[in-house]
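Colleague: Got a structure here, written out as structure tokens. Questions coming.
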Amino acid sequence: MMCSLIRSSPRSREEPTLPLINIVFLMLIFFLVAAQISRPLEANFDLVSLEDLAIVLPPDTLLLTQDGRLVFRGKSATPQQVITALRTGEDTGIKALRLVPDRRSRASDLVRTADALRSAGAQTLYMIAERRGQ
């Protein structure tokens, strides 16, 4: 009885690169789309500078311009218009608003705007500023 043993030659097993290329391409598309979603600040707008404060601008951030205008979602608005736009359904209280003042805006405009937002229904108001290195 003769048994024939055939040995197969070992195949070189290469790493599949196509799935890696696909993942890198999808990540590229994701970051390109994510960069386009956020709204840019208004032209000629400087952030207030504070030490030790991380800056992340949420989508419904309010901007206080140099001339005292309040900008919400890219348009000038009054504090009452902002609160009305943020109220949805049965949620009648606006829990937190984020306000970014221009560095050249007056403190009296900031205080006046904050008071008007609180009077219109905002419960908490956060001021966002730029972090500068030393």
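The values are calculated or read from the model by the stated rules, or taken from the named source; none is laboratory data. Predicted, not measured: the structure shown is a model, and the values here were computed from it. When we count neighbours, we look across all protein chains shown, and the Cβ atoms used for this are built from the backbone with ideal geometry, even at glycine. Note: accessible area is taken over every heavy atom of the protein model, side chains too, but ligands, DNA and RNA are not part of it. Shrake-Rupley method; radii C 1.70, N 1.55, O 1.52, S 1.80 Å.
Colleague: Using θ = phi - 60° and the Karplus form 6.51 cos²θ - 1.76 cosθ + 1.60, what ³J(HN,Hα) does each residue of the range 62-73 get, whole Hz, x for Gly and Pro?
Modeller: For the range 62-73, the Karplus curve yields 8, 10, 9, 7, 4, 8, x, 6, 9, 10, 10, 6 Hz.
Colleague: Keeping all protein chains in position, work out how much accessible area E42 exposes to a 1.4 Å probe, and write it in Å² to the nearest 10.
Modeller: Estimated to the nearest 10 Å², E42 gives 60 Å².
Colleague: Something else about it: For L97, list long-range residues whose amide hydrogen, built 1.01 Å from N in the peptide plane, is under 5 Å from its own amide hydrogen.
Modeller: Under 5 Å from the amide H of L97: T124, L125, Y126.
Colleague: State, to one decimal in nm, how far the label point of E130 lies from the label point of T78, with both points 7 Å from Cα in the Cβ direction.
Modeller: 3.2 nm
Colleague: To the nearest 10 square angstrom, how much accessible area does I23 have with a 1.4 angstrom probe?
Modeller: Its heavy atoms expose roughly 100 Å² to the probe.
Colleague: Let me ask something else. Of R118, R103, which has the most accessible area with a 1.4 Å probe, and how do the rest follow in descending order?
Modeller: Details: R118 135, R103 100 Å².
Descending order: R118, R103.
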